[in-house]
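Working notes, beginning with the structure itself.
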Amino acid sequence: MRALGASLLACAALLAGCGDTPDASPDAGARCEVAKGSATMVISRLAFVRADATRTGVADGFDLDGHDSASGDPIGCGRQDYVGPTGALGVDNQLAQLIPLVDSMTGGVLDGALQTAINNGQLLVSITLDDLQNRCDDPSVTVTLRRVAGMPFVGSDMRVDPGQTFDLNRDAPVTRARGRVQGGVLSIDATDIPLPVEVLDARFILNLYGGRMRVRLDESGGGEGILGGGISVAEFSATAERFTISTALRGAVGTTMRLMADLAPNADGRCQNLSAAMVVSLRPAFVNP
């Protein structure tokens, strides 16, 4: 049991608007319109999604494989899917059951490390919505995620203040996806999302395969939602080899991820990816071209 706990700790530590009902008020149209046809936001918060401590088998996330896997189901490599907070079936987020254990062992430092990286300018990602005509309902939007640079101003809420200008990091990967806004909620088609992570001495690209995003846009130009996808066991295990941790802990990373993997089964029926989801908060921003 002690060995399992160490494995889980090592794995997780390294990872380190408009309402649903149409508004009939006179200013509803003006509130939803986007004059310039685009909007840019910066991620001001990233935090791991936890399994619901009060309801067994409940966690937020996405149905990444289009299947509601039961325990022992070969499609999910034996891992049972979660039920979403509002009753959605087939939620793939196996990382959610590991994080609470890590919280108990570390005092919940993982999310704090991510927030510090954002506030220090180490982990700044912008999200730009192009072809956006209406913030409440728009059937076709181009969503672009980019790494940006700068030293952000941070408010009393310990989040990046809105309305700041950042510089584009031209050496970082760029992700574009087709999206849509329905009832004020932005979502994107499944696409691979390279998420730059720079926490303490760890600096790497965390690829979210088949990545999804769901964000409720608000009137301030920001939003709140979740980001998720599949993490490659092989890629992350190889990345962990470069970290300044003991050989035993590096081995524990791969062992734990292989145990919990639930996506992308190969010809032998072994899943290659581990499902995950993170809470994301967005603030309006500007990016220099």
inquiry  = With outside any loop (DSSP other than H, G, I, E, B), surrounded by 19 or more Cβ atoms within 10 Å (Cβ to Cβ) and of a type in the set (D, E, K, R) as the only criterion, which of Arg216, Arg212 stands out?
reply    = Arg212
task = Answer with yes or no whether Leu259 is out of contact with any Gly (no Cβ under 8 Å at 6 or more places or on another chain) and either at positive phi or assigned to a helix (DSSP H, G or I) (or both).
result = yes
task = Find the residue count for the range 152-196, including only residues that are assigned to a loop (DSSP other than H, G, I, E, B) and either farther than 30 Å from Glu235 by Cβ or touching a Ser or Thr at 6+ places or on another chain (Cβ under 9 Å) (or both).
result = 13
message = So, in the range 216-238, how many residues would count as being in contact with a helix residue (DSSP H, G or I) (Cβ under 8 Å, 6 or more places away or on another chain) and β-branched (Val, Ile, Thr)?
response = 2
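For the range 173-189, enumerate the residues that are buried (at least 17 other Cβ atoms within 10 Å of the Cβ) and on the phi < 0 side of the Ramachandran plot. Give the steps one after another, and end with the answer.
First, the residues of the range 173-189 that are buried (at least 17 other Cβ atoms within 10 Å of the Cβ): 175, 177, 179, 181, 184-188.
Matches in the range 173-189: Thr175, Ala177, Gly179, Val181, Val185, Leu186, Ser187, Ile188.
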ask   = Would it be correct to say that Asp23 is surrounded by fewer than 21 Cβ atoms within 10 Å (Cβ to Cβ) and at pLDDT below 55?
value = yes
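For residues that are part of a loop (DSSP other than H, G, I, E, B) and among the hydrophobic types (A, V, I, L, M, F, W, C), tally how many sit in the range 27-67.
Counting residues in the range 27-67 that are part of a loop (DSSP other than H, G, I, E, B) and among the hydrophobic types (A, V, I, L, M, F, W, C) gives 7.
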request  = For the range 256-289, name all the residues that are within 17 Å of Ala96 (Cα to Cα) and in contact with a Ser or Thr (Cβ under 7 Å, 6 or more places away or on another chain).
outcome  = Thr256, Met257, Asp262, Leu263, Asn273
ask   = Does Leu101 satisfy being crowded, with 16+ Cβ neighbours inside 10 Å and of a type in the set (A, V, I, L, M, F, W, C)?
value = no
message = Looking at the range 68-98 only, could you name the residues that are buried (at least 18 other Cβ atoms within 10 Å of the Cβ) and part of a helix (DSSP H, G or I)?
response = Ile75, Gly76, Gln94, Leu95, Ala96
message = Against the definition (under 25 Å from Cys77 (Cβ atoms), at pLDDT 95 or above and either basic (Lys, Arg) or in a strand (DSSP E or B) (or both)), how does Leu227 come out, yes or no?
response = yes
request  = Provide a single number: the residues in the range 91-105 that are in contact with a helix residue (DSSP H, G or I) (Cβ under 7 Å, 6 or more places away or on another chain) and over 19 Å from Ser275 (Cα atoms).
outcome  = 1
inquiry  = I'm told Ser7 meets every condition in (1) within 23 Å of the chain's Cα centre (by Cα); (2) modelled with pLDDT of 65 or more except one. Can you identify the failing condition by its number?
reply    = (2)
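The values are calculated or read from the model by the stated rules, or taken from the named source; none is laboratory data. Owing to the predicted nature of the structure, the values given are computational and were not obtained by experimental measurement. A quick note on method: Cβ atoms are made from the backbone with ideal geometry, for glycine too, and the neighbour counts reach across all protein chains shown.
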